[in-house]
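Report on one structure; see the data block that follows.
The values are calculated or read from the model by the stated rules, or taken from the named source; none is laboratory data. Because the structure is predicted, anything quoted here is derived from the model rather than measured. Glycine also receives a Cβ, built like all others from the backbone with ideal geometry; neighbour counts cover every protein chain displayed.
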Amino acid sequence: MAGKLREVSQFTTREKLLRGIALAIPLSLLIFILYPFMRVFLASLWVGEGWTLALYRQVLGAQKVGLLWNTFLVSVPSSLLATLLGLALALLVVRSSIPGKKIFNLVAIFNIISPPFVSALSFILLFGRRGLITRELLGLNVNLFGWESIVFLQTMGHASIAFLVIASVLRRMDRDLENAARDLGASNARVFFTVTLPLLMPGIMAALVLSFTLSLADFGTPLLVGGGFRVLASEAYLQVIGQYNMPLASALSVFLVLPCLAVFWLEKGVLGERSFLSEAPVESVAAAGTVDRGRGFHPLVTGLLLIIGLFFMLFTLAIFATIAVGALTNIWGYDYTFSLRHFQDIWGQGTRSVRNSLYFAFWVATLGPLLGIITAYYLEKSPFVGSRFFEFLALLPFVIPGPFLGISYVLAFHRPPLALTGTALIIVLLCVYRELPVSFKAGQAVLRQVSGSLEQASLDLGANRWQTFIRVYLPLMAPAYRIGMIHAFIHVMTTIGAIIFLITPRYKVATFEIFDATNRGGLGQGAAFALLLIVLTVAGLIFLNLLWKLPQLKEKSKEWMGPHGTVPGKHQ
Amino acid sequence: MELFLENISKSYEETLAVDGVTLAVPSGKILALVGPSGCGKTTLLRVIAGLLVPDQGRVLLDGQDITKLPPYRRPTATVFQNYALFPHLNVYENIAYGLKARRSPGQNTRAAVQEIMDLMKITDLARRKVNELSGGQQQRVALARAMVVNPKILLFDEPLSSLDARLRVEMREEIKKIQQKTQITSIYVTHDQEEALAIAQQVAVMKDGKIEQLGTPREIYCFPETPFVAQFVGWGNLVQGQVRSVNERRWDVQFMGQTLQLEREKSRDLQAGQAVHLFFRPEDVVPAPQGKWSVKIQQTTFLGSLVRYFLQTQGDHDQALVMDLPLDQARFQPGEELPVEIIPHAVRIFY
């Protein structure tokens with residue numbers, strides 16, 4: 001009887017903990033996502049002692065109206081081109097019959113893990129005023145800086161993400177749908193335009209939205225290769241960093257976030273219901289195996305795709321080669337001899353920044369996904385009034401441009417009760433909530449796949465909700481955790497858009513150093529930082545993967561050792 | 001339209017899916033390709049549709065070689081497993097797809113789609129999205145979509161596998177009826193032997209990429225040529241035995257401790273002492289007061305019109321057997337022992 005009572009009380013303590021988390025999750029979404037979000041609007045509307053639209057008038061006014069136009073002049077073509085390029089790469093990798101096509105997959109992943117500004121830095125090294133190609137090889141004295149260069153670099157940079165999004169839809173597409181069309185008398189071209197492309201539309205739209213928001217958020221490329229060409233993001237950055245004009249920066253970033261919300265709403269609300277992925281992915285994979293390689297694209301199409309793919313590969317290789325050479329060259333443009341002096345230059349402050357990057361990335365990658373999957377669990381498994389709204393909040397950081405997010409955190413957390421600016425904590429928090437949508441979405445997908453009777457079965461078998469969560473749901477959501485972990489690590493290591501606004505001299509990160517050095521004209525140092533960061537990102541990913549496999553290795557060794565860690569046969 | 005497959009082989013990376021199949025599909029009939037999963041039946045169907053190009057062999061349609069013809073130039077239409085209905089099109093657009101692809105004039109398309117929808121009794125579904133339809137309705141749309149292009153050959157790739165048991169039987173009879181009406185030469189792939197026997201005029205049993213036996217449903221069921229076919233189609237008992245003696249008219253075969261006299265088949269030659277396998281159906285095991293074998297009933301299963309008994313022979317030869325009895329003769333209980341006889345002319349010998 002006594003034993004039973006103790007069991008009951010233990011049960012309630014854990015139940016209390018579950019309830020506590022259930023309350024903490026929505027609360028934290030309100031504090032760390034909604035509140036900063038609203039603060040930006042507030043800051044742009046409340047100036048001095050009253051409500052005013054003066055700042056908006058200023059942005060739309062004669063002096064700045066060019067900004068809006070410039071922003072769209074860059075973002076619209078770059079997102080369209082990036083999506084188109086991503087589509088071509090996806091078709092090449094998933095559907096063509098070219099041997100060794102998997103290499104493009106690797107190229108795209110490499111492209112993604114390379115820090116931003118790296119392509120801009122390479123571009124400057126090759127085509128800038130001291131450019132290797134323009135000046136040394138061609139002897140030209142041309143100026144390639146301008147909006148066209150921004151569009152080009154953003155296209156190449158965002159194509160790899162568009163590629164991954166579209167390729168995943170393409171892989172899961174039921175090939176029998178295309179077979180059926182062909183069987184009914186449609187030629188290959190007709191099948192592509194009447195079946196394949198419409199079915200790919202959700203993926204294409206997602207890629208378009210993603211590259212559009214990334215392009216809007218990008219202030220580094222315009223600053224580095226725009227040659228004075230200003231867009232909303234770079235202007236907001238300059239307003240904060242140069243003049244600490246937070247109200248104007250807020251108003252500018254409101255103009256950044258509105259189109260993002262609009263395309264997000266368009267994609268989810270209008271196209272969201274039109275998901276055509278096969279309901280039985282396993283069977284479609286089996287069917288994919290019975291599709292003949294001989295019936296691929298027309299040779300001309302294959303050739304065109306291959307040329308596009310090779311161009312993309314060449315571009316990526318050129319970036320990395322240029323960075324490596326640039327980091328090891330004495331003085332770019334004047335003295336092309338081997339030198340380690342850039343590494344010596346960055347040694348002191350540099351290693352600290354790189355260590356900061358690793359530190360933030362590690363904590364965000366390990367803790368962030370946990371928040372994501374727990375949030376998914378609460379919102380999916382115990383829906384309450386308004387849980388749709390909290391779901392929206394959890395996904396919101398996905399479309400918020402980095403500068404907006406950074407400015408919002410500065411505004412929200414620079415004075416009590418939550419005076420966090422200047423601490424490492426706020427950078428970690430910012431990154432955790434910025435990465436939340438990835439693990440949240442992945443966790444949600446897992447939970448929607450598993451049958452609802454799973455929880456009933458577990459409860460029916462005598463496990464309480466705590467045990468069900470620990471023993472059933474956590475292991476199920478492990479893959480979602482892993483996805484979130486990898487994404488978070490790569491993003492925190494390589495992005496800068498949001499955290500640049502919160503960095504203090506003590507917590508400088510490596511991406512900031514690349515940007516700063518390049519902006520100052522210290523191309524060699526920038527290249528040295530970039531090279532170091534790439535190497536560490538790859539090493540970190542390998543390390544995280546090993547860490548992930550550790551429990552499995554332990555299991556294996558247990559199997560090998562027999563039960564209870566003893567050697568089989570010697571068990572007493 | 002007569003379809004002839006000549007020595008077709010097709011392999012994926014390392015596995016040989018179809019291994020030298022030669023097969024004539026009779027004009028205007030349904031031929032069922034049946035076999036366990038991985039036997040190559042779907043691959044063969046896709047070769048006929050043109051979705052796969054065989055590594056070897058030819059596909060002849062009325063004597064004309066169509067092996068290299070792309071699928072959209074072939075007079076074939078397929079009803080796919082899971083139907084493969086286009087999710088971005090409604091029912092009408094799905095059915096009209098093939099006609100539009102063939103650039104049929106608008107008026108003809110509308111008339112043909114209307115006619116086929118009437119035939120399949122789906123006219124009132126025309127504007128519905130396909131993912132709003134029930135399994136049976138999707139099945140009808142898939143069939144209508146394939147038939148509307150007026151194919152010379154209709155191909156069915158396990159079309160009923162995702163329907164529930166009752167609907168499956170209903171749709172099977174409907175497909176049969178429509179085929180008889182239209183007389184379109186049809187090939188029907190299934191892993192369900194009962195469905196194959198029920199729907200087809202000719203059945204080809206496949207195993208490991210080869211055709212194991214080709215025949216009418218009755219031939220396949222009553223005269224299986226290999227132990228595999230015998231066991232794959234219906235239930236049965238396969239036991240080991242030995243030839244005791246051979247004379248002009250009879251083979252004496254010993255199995256399960258007793259000797260049975262079987263009529264000699266002219267086409268086959270057995271030697272005394274030879275080890276053989278014997279096969280007989282559950283309905284060919286009958287209780288008889290003077291029966292040679294004594295069996296004990298382990299378990300009974302009620303199947304409606306008949307009762308299935310799982311038996312164990314008594315004595316040194318411990319052999320599990322299955323016996324089916326009509327309901328009015330099924331009066332035995334588990335644990336009971338009784339003598340049984342095996343009807344000699346129903347026993348098939350394999351060696």
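List of remarks:
- One residue alone among B:161, B:186 is assigned to a strand (DSSP E or B) and touching a Lys or Arg at 6+ places or on another chain (Cβ under 9 Å), and that residue is B:186.
- Of all the residues in the stretch A:80-132, those that are part of a loop (DSSP other than H, G, I, E, B) and aromatic (Phe, Trp, Tyr) number 1.
- Single residue of A:222, A:198 found to be more than 10 Å from chain B (Cβ to nearest Cβ) and within 30 Å of the chain's Cα centre (by Cα): A:222
- Selection of the stretch B:43-65 for residues being among the polar types (S, T, N, Q) and away from chain A (no Cβ under 12 Å) yields B:56, B:64.
- Qualifying residue in the stretch A:156-173 (condition: in contact (Cβ under 8 Å) with a residue 60 or more places away in the chain and closer than 19 Å to residue A:326 by Cα): no
- Among the residues of this structure, residue B:79 does not count as one that is more than 14 Å from chain A (Cβ to nearest Cβ), under 22 Å from residue B:201 (Cα atoms) and not polar (S, T, N, Q).
- Check on residue B:34, more than 10 Å from every other protein chain (Cβ to nearest Cβ), touching a residue at least 12 places away in the same chain (Cβ under 8 Å) and in contact with a helix residue (DSSP H, G or I) (Cβ under 7 Å, 6 or more places away or on another chain): yes
- Total residues in the stretch A:507-522, condition in contact (Cβ under 8 Å) with a residue 60 or more places away in the chain, in a helix (DSSP H, G or I) and charged (D, E, K, R): 1
- Within the span defined as the stretch A:334-356, one or more residues are closer than 21 Å to residue A:525 by Cβ, touching a residue at least 24 places away in the same chain (Cβ under 8 Å), of a type in the set (Lys, Arg) and not in a loop (DSSP other than H, G, I, E, B).
- Note on the stretch A:447-477: residues that are in a helix (DSSP H, G or I) and either surrounded by 15 or more Cβ atoms within 10 Å (Cβ to Cβ) or not small (Gly, Ala, Ser) (or both) total 21.
- Close pairs (7 angstrom Cβ cut-off, 6 or more residues apart or separate chains): in contact (Cβ under 8 Å) with a residue 12 or more places away in the chain in the stretch B:162-191, surrounded by 20 or more Cβ atoms within 10 Å (Cβ to Cβ) and of a type in the set (Gly, Ala, Ser) anywhere: B:179/B:186; B:188/B:32; B:188/B:200; B:190/B:32; B:190/B:196; B:191/B:35
- Within the stretch B:97-115, the set of residues being within 14 Å of another protein chain (Cβ to nearest Cβ) and surrounded by fewer than 22 Cβ atoms within 10 Å (Cβ to Cβ) comprises B:100, B:101, B:102, B:103, B:104, B:109, B:112.
- Identity of the residue in the stretch A:26-52, assigned to a helix (DSSP H, G or I) and not hydrophobic (A, V, I, L, M, F, W, C), that ends up farthest from the chain's Cα centre (by Cα): A:44
- Considering the conditions (1) within 14 Å of chain B (Cβ to nearest Cβ); (2) under 30 Å from residue A:402 (Cα atoms), residue A:210 is excluded by exactly one of them, (1).
- Flag for residue B:68 being outside any strand (DSSP E or B), basic (Lys, Arg) and within 14 Å of chain A (Cβ to nearest Cβ): yes
- For the stretch B:72-95, the criterion of being modelled with pLDDT of 90 or more, of a type in the set (S, T, N, Q) and more than 28 Å from the chain's Cα centre (by Cα) is satisfied by at least one residue.
- Note on the stretch A:166-189: among residues that are surrounded by fewer than 24 Cβ atoms within 10 Å (Cβ to Cβ) and more than 14 Å from chain B (Cβ to nearest Cβ), the one that is nearest to the chain's Cα centre (by Cα) is A:168.
- Within the stretch B:240-258, the set of residues being of a type outside the set (Phe, Trp, Tyr) and touching a residue at least 24 places away in the same chain (Cβ under 8 Å) comprises B:240, B:241, B:242, B:243, B:244, B:245, B:246, B:253, B:256, B:257, B:258.
- Filtered residues of the stretch B:25-50 (kept if touching a strand residue (DSSP E or B) at 6+ places or on another chain (Cβ under 6 Å), assigned to a loop (DSSP other than H, G, I, E, B) and over 21 Å from residue B:75 (Cβ atoms)): B:35, B:39, B:40
A quick yes/no check of all residues on (1) surrounded by 17 or more Cβ atoms within 10 Å (Cβ to Cβ); (2) under 23 Å from residue A:178 (Cβ atoms); (3) modelled with pLDDT of 90 or more:
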| site | (1), (2), (3) |
| --- | --- |
| B:6 | yes, no, yes |
| B:12 | no, yes, no |
| B:16 | no, no, no |
| B:30 | yes, no, yes |
| B:42 | yes, yes, yes |
| B:52 | yes, yes, no |
| B:58 | no, no, yes |
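- Candidate set from the stretch B:117-158 (those that are charged (D, E, K, R) and not in a loop (DSSP other than H, G, I, E, B)); member that is surrounded by the most Cβ atoms within 10 Å (Cβ to Cβ): B:145
- Each residue in the stretch B:193-228 was checked for being farther than 17 Å from residue B:44 by Cβ and assigned to a loop (DSSP other than H, G, I, E, B), and 6 of them qualify.
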